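K.L.:
I'd like to ask some things about the structure below.
The values are calculated or read from the model by the stated rules, or taken from the named source; none is laboratory data. Everything numeric in this text was worked out from a predicted model, so none of it was measured. Here the Cβ is made from the backbone with ideal geometry for all residues, glycine too, and neighbour counts use every protein chain on show. The accessibility values were calculated without ligands, DNA or RNA, using every heavy atom of the protein model including side chains. Shrake-Rupley method; radii C 1.70, N 1.55, O 1.52, S 1.80 Å.
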Amino acid sequence: MRARNLILMLSAAAIMSANAYSQTPIVIKFSHVVSTDTPKGKAALRFKELAEKATQGRVRIDVYPNSTLYKDQEEMEALQVGAVQMLAPSLAKFGPLGAKEFELFDLPYIFPGKDVLDAVTQGPIGKELFKKLEPRGITGLAYWDNGFKIMSANKPLHLPADFKGLKMRIQASKVLDAQMRALGANPQVLAFSEVYQALQTGVVDGTENPPSNLYTQKMYEVQKYVAMSNHGYLGYAVIVNKKFWDGLPADIRGELNGAMVEATKYANAIAQKENDSAMDAIRKSGKTTVYNLTDAEKAAWRNALRPVQQQMEGRIGKGLIAAVNQESAKLGYK
C-alpha cells in the first residue's frame, strides 16, 4: 500500500511539474535601436500585443528599444549566438554580415515610388533575399517600412556641390559610402545612438534619415537645414535566430507568424503618417529650415548619384539591380 501511495504521489508531482513547465512562457527578447514612438518602435509593441494575445500567454515578448540592450554593431552578433531572439535592423546591416545583396535597398533613387518598393519586398525578390540569411543562422520574417530619407546639415544642401568636404554620418554600407563620395562628402560610419552627440559637437556635419528618426532622436535641434531629397530608402527586416525559431512548437510558430503579418500591416500603414507628422513638427519648431528641391536641383542630384548604381553592380549583383529596374518599368516608371 505504501509503495502504491508513493508511486501515486510521485506521479502527481510529475504531472504538477509538467503542468508548471508547460505554463512557463517562452520568452522572446526583441531588441532594436530606435525610440518607442517611431514606426518601428510602435510596430514592435503592436507585435508584442498581438503575439501574446494569440499565444494566450504561452509566449512573452520583451521589447528593448533605443539601444538599451544592444547597439548597432552588437545586435547582429547577439542574435546569431542566441543572446537575443528577435531584431528589426535596418536593411543596410546585412551587407557587413556578408549578405551584400541587401545593399540593393541603399542604392540612391532605385525606388522611384513606394509601389516599386512594395513589389520588391512583398514579391519573389524579397523572399529570395531572406533565403540569403539562412546560412548565417537567421530567419527573415517581414519587411517593415520606415520611408524615404532626407538630408540634413548645418549649411543649405541644394546641389551636389554643397556637399563638398562635409562629414556625413552613414550606416556601415559600401553603397552609402559610395553615395556620399559621389556627392563630394566624406562619409563617417557611426552607431545610431551616437549620432545626436556627434552632430551636436561637430564630429559630423550632417546625416540622412527618414523624418521620423530625425525628429524622435532630436537631431533636428542640432541641424540648421534639411533638404527634402527623398533620395534613398530606409526599411527594416524583422529577423529571428533560426535555431530558436525552428525549435518552437509548430502551432506557436504559426501564431507568431500570424501576429507578425498583422504587425507588418500596421507598421507599413503608419510609416508615411508618422513621417508627415514628424516633418510638421520639425517645421513648427523653427529650429531647422526645410527646403524643397526644385525640379532642376532634383535632376542634378540624380545625375550625380546615377553612377553609384553601376558602380555597385559587381557587389550587389547586376541581375538583381536589373530585376528591380524591371519592376519599375512594369509600373510605368522610366
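K.L.:
In a shell of Cβ-Cβ distance under 12 Å around residue 62, excluding residue 62 itself, what net charge do Lys and Arg (+1) and Asp and Glu (-1) give?
P.N.:
Values: positive: 29, 48, 60; negative: 52.
Net of charged neighbours comes to +2.
K.L.:
Return the single residue from 293, 107, 248 with maximal mean-square fluctuation; model: Gaussian network over the chain, springs between Cα atoms under 10 Å.
P.N.:
Checking each option, the largest mean-square fluctuation is seen for 248.
K.L.:
Summing +1 for each Lys or Arg and -1 for each Asp or Glu, what net charge is found among the other residues whose Cβ lies under 10 Å from the Cβ of residue 118?
P.N.:
Values: positive: 114; negative: 115, 145, 327.
With Lys, Arg at +1 and Asp, Glu at -1, the neighbours total -2.
K.L.:
Of all the accessible heavy-atom surface of the chain, with the other protein chains kept in place and a 1.4 Å probe, what percent is carbon and sulfur? Walk me through the numbers before you get to the answer.
P.N.:
Numbers: 8130 of 15620 Å².
Looking at the chain in its full context, I get 52 percent from C and S.
K.L.:
May I pose another question? Please give the peptides 305-311, 131-137, 70-76, 328-334 ranked by average Cβ packing (other Cβ atoms within 10 Å per residue), highest first, as a rough proxy for protection.
P.N.:
Numbers: 305-311: 16.3, 131-137: 14.0, 70-76: 17.9, 328-334: 11.6.
Highest-to-lowest ranking by the protection proxy: 70-76, 305-311, 131-137, 328-334.
K.L.:
Using mean Cβ contacts within 10 Å as the protection proxy, how do 233-242, 109-118 order, highest first?
P.N.:
Working: 233-242: 23.3, 109-118: 18.4.
Listed from highest to lowest mean packing, they are 233-242, 109-118.
K.L.:
Using mean Cβ contacts within 10 Å as the protection proxy, how do 155-165, 39-49 order, highest first? Don't jump to the answer; show the numbers that get you there.
P.N.:
Values: 155-165: 15.8, 39-49: 22.6.
Those peptides, ordered most packed to least, come out 39-49, 155-165.
K.L.:
Under a point-charge model restricted to the Cβ atoms of Lys and Arg (+1) and Asp and Glu (-1), what is the dipole moment magnitude of the chain relative to its Cα centre, in debye to the nearest 20?
P.N.:
With Lys and Arg at +1 and Asp and Glu at -1, about 280 debye.
K.L.:
Taking K and R as +1 and D and E as -1, what net charge do the other residues with C-beta under 11 Å from the C-beta of residue 327 add up to? Mind dumping the intermediate values first?
P.N.:
Numbers: positive: 330; negative: 115, 118.
Overall, the nearby charge balance is -1.
K.L.:
Using only alpha carbon pairs under 8 Å that are at least six residues apart, calculate the relative contact order of the stretch 220-334 and give it in whole percent. Mind showing how you got there, number by number?
P.N.:
Values: 36 pairs, mean separation 53.4, N = 115.
This gives 46 percent for the stretch 220-334.
K.L.:
Sequence gap of 8 or more, or different chains, plus Cα separation below 28 Å: how many lysine pairs satisfy both in the stretch 232-334?
P.N.:
16
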